[in-house]
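A.B. asks: Just passing along the structure, written as structure tokens.
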Amino acid sequence: MAKARSIFYCTECGNETPKWAGKCPACGAWNTVVEQEAAPKTRGGGSVAGRNVFHTVKAINLIEVDTREEVRFPTGMGELDRVLGGGAVKGSLVLVGGAPGVGKSTLMLQICGSLCRANRVLYVSGEESVRQLKLRAQRLGVSSGNLLVLSETGLEDVLRSVSEEEPDILIVDSIQTLYNGALDSPPGSIGQVKDCTMALMQLAKGRDIPVSVIGHVNKEGSIAGPKVLEHMVDCVLYFEGEQHSTCRILRAAKNRYGSTNEIGVFEMLDAGLSEVENPSQMLLSGRPDGAPGTCVTCVMEGVRPVLAEIQALLAPAAYGSARRSSNGFDFGRAAMLLAVLEKRGGLKVSACDAYMNIIGGLTLDEPAADLAAILALASSYLDRPIAPDLAAIGEVGLTGELRAVNNLDQRLSEVRRLGFKSCVVPHRRGKTPAPTEGLRVVEAANIVEAIRAALGK
């Protein structure tokens with residue numbers, strides 16, 4: 001009897017090697033290479049899952065492709081349509097990832113309630129029974145004769161059900177529970193995830209139906225399983241949110257049919273997820289008045305300007321070395337701003353414990369939030385509150401200078417719409433921001449001028 005052939009693969013990137021190695025030669029990760037028996041080959045090549053999923057197609061000339069039929073359709077949830085780029089695309093494979101309990105399954109089941117009005121939807125769950133799905137659907141108010149549910153983890157059974165029921169839309173919860181019986185590896189392994197995803201991709205393209213799959217994330221925040229999974233699908237959406245907060249953010253990490261910078265904001269209620277059409281107002285609803293260490297900025301999430309509150313706390317270090325902590329703001333950039341504030345701003349913050357927090361579970365990775373972070377830190381250090389109707393927008397350089405940001409006029413319009421009376425922005429030589437009625441625009445060339453304008457120092 002021939003000895004079974006083994007392969008070694010990296011659990012992070014999916015790279016296969018002929019022998020074990022402590023460090024992956026492709027991605028450089030340590031202790032991620034594991035052994036697995038090679039999948040059996042079929043006579044026609046490829047796995048069993050990839051065969052006979054759809055009928056044989058013939059290549060056609062690009063000029064002959066008919067584009068008169070609309071390939072994009074609304075899902076019934078405006079926030080999701082915004083993230084997808086205007087709606088779902090026929091024949092697309094969408095991956096929705098998120099931490100356990102964040103609301104991924106709730107979101108997809110609510111979408112089913114909207115899609116079932118005009119489409120036949122098949123919801124496949126490998127984690128819940130049909131009775132559990134029924135109870136959750138009743139809680140969410142989802143009920144339709146066009147919604148089919150299936151509790152199954154076998155890939156071949158799922159494909160057979162799709163062939164028999166011929167749904168317009170397929171949703172799989174989750175990709176880590178789906179397995180192909182032709183492979184010896186357990187469900188959730190790299191071979192199973194890759195093979196099942198490939199079969200679903202062929203199904204979506206061959207039948208021209210949108211397929212959405214739910215994926216769990218690991219402790220690092222990425223999709224559990226190989227990184228190559230994100231390269232296989234058409235769209236990767238991350239559903240984010242803090243456990244202690246009702247705010248949920250849907251963010252596009254990859255989108256072949258739209259922008260990757262868009263976000264959708266939801267609020268988790270007892271009856272399910274509710275769309276938030278004005279996220280700026282919700283994120284600023286609990287802002288305290290007259291408290292030092294808080295400042296508001298405006299960041300661009302795709303084409304949508306969103307106001308966010310940055311909180312900072314500086315206190316004398318209780319121990320030998322100062323502590324640094326940042327939540328929702330890049331730690332390295334926060335450390336840089338502290339150094340600039342001490343060197344160029346003249347504030348001795350190196351002897352203080354520093355804490356920064358972004359309210360609402362947002363993650364600010366845009367340089368336009370630098371100035372608001374500087375002002376919040378200075379406000380906490382000097383124990384002087386910033387006027388509640390003042391916002392700040394601008395990038396901070398290492399020399400303490402303020403640099404202009406894009407879409408400033410659009411940001412200022414959003415600041416004025418939310419009721420702010422003044423805004424500190426970088427000084428632009430030869431250019432002035434477009435006049436905004438009811439909003440006083442204060443230009444500053446460096447952080448010293450900005451601190452003086454905001455705190456009167």
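A.B. asks: Give me the compactness ratio for segment 284-455, meaning the Cα radius of gyration over 2.2 N^0.38 Å.
C.D. replies: That ratio works out to 0.96.
A.B. asks: Shifting gears a bit: From the phi of every residue in segment 148-164, what ³J(HN,Hα) in whole Hz does the Karplus formula 6.51 cos²θ - 1.76 cosθ + 1.60 yield, where θ is phi - 60° and glycine or proline is x?
C.D. replies: Ordered by residue, 3J(HN,Hα) equals 9, 10, 9, 9, 7, 10, x, 4, 4, 5, 5, 5, 5, 5, 5, 5, 7 Hz.
A.B. asks: For ASN446, what residues show an amide H to amide H distance below 5 Å, using hydrogens built from the backbone and excluding near sequence neighbours?
C.D. replies: LEU402
A.B. asks: Sticking with this structure for a sec: Quick check: convex hull over the Cα atoms of the chain, volume per residue in Å³, rounded to an integer?
C.D. replies: So the per-residue hull volume is 204 Å³.
A.B. asks: Direction-averaged shadow area of the convex hull around the Cα atoms of segment 213-335, nm²?
C.D. replies: Its Cα hull, projected and averaged over all orientations, spans 11.0 nm².
A.B. asks: How tilted is helix 190-207 with respect to the longest principal axis of the chain? Cα atoms for both, answer in degrees (0 to 90, nearest 10).
C.D. replies: Orientation of helix 190-207: about 80 degrees from the principal axis.
A.B. asks: Arranged by the count of other C-beta atoms within 10 angstrom, fewest first, what order do ILE447, ILE190 take?
C.D. replies: Taking fewest neighbouring Cβ atoms as first place, the list is ILE190, ILE447.
A.B. asks: Based on Cα coordinates alone, diagonalise the gyration tensor for segment 138-216, multiply each eigenvalue by 5, take square roots, and list the semi-axes in whole Å, largest first.
C.D. replies: Semi-axes, largest first: 22, 15, 11 Å.
A.B. asks: Net charge near SER245: determine it from the other residues with C-beta under 14 Å of the C-beta of SER245, scoring Lys and Arg +1 and Asp and Glu -1.
C.D. replies: Neighbour charge sum, excluding SER245 itself: -3.
A.B. asks: For segment 330-340, what does the Karplus curve 6.51 cos²θ - 1.76 cosθ + 1.60, with θ = phi - 60°, yield as ³J(HN,Hα) per residue in whole Hz, taken in order and with x for Gly and Pro?
C.D. replies: Once θ is set to phi - 60°, the couplings for segment 330-340 become 3, 5, x, 6, 5, 5, 5, 5, 5, 5, 5 Hz.
A.B. asks: So, one more: Counting Lys and Arg as +1 and Asp and Glu as -1, what is the net charge of the other residues whose Cβ lies under 9 Å from the Cβ of ASP173?
C.D. replies: Local charge sum for ASP173: -1.
A.B. asks: What net charge do the residues around ASN327 carry, taking every other residue with its C-beta under 15 Å from that of ASN327, with Lys and Arg at +1 and Asp and Glu at -1?
C.D. replies: -3
A.B. asks: Rank the residues LEU159, LEU371, LEU200 as a footprinting-exposure proxy: fewest other Cβ atoms within 10 Å of their Cβ go first.
C.D. replies: Exposure proxy ranking, most exposed first: LEU159, LEU200, LEU371.
A.B. asks: Can you sort MET108, MET198 so the residue with the fewest Cβ neighbours within 10 Å comes first?
C.D. replies: Fewest-to-most ranking of MET108, MET198: MET198, MET108.
A.B. asks: According to the Cα gyration tensor, what semi-axes, each the square root of 5 times an eigenvalue, does the equivalent ellipsoid of segment 327-426 have, listed from largest to smallest in whole Å?
C.D. replies: So the equivalent ellipsoid measures 22, 15, 14 Å along its semi-axes.
A.B. asks: Per residue of segment 294-311, in order, report the coupling 6.51 cos²θ - 1.76 cosθ + 1.60 (Karplus, θ = phi - 60°) as ³J(HN,Hα) in whole Hz, putting x for Gly and Pro.
C.D. replies: Result, ordered by residue: 9, 8, 9, 10, 10, 10, 9, 10, x, 9, 9, x, 10, 8, 10, 9, 9, 10 Hz.
A.B. asks: Could you pull the Rg and Dmax for segment 289-374, using just the Cα atoms, both in Å?
C.D. replies: In order Rg, Dmax, the Cα atoms of segment 289-374 give 13.2, 46 Å.
The numbers here are math on the coordinates, done by the rules we state, and not lab data. These numbers were taken from a predicted model, which means no experiment stands behind them. Every residue, glycine as well, gets a Cβ built from its backbone with ideal geometry; the counts of neighbours run over all protein chains shown.
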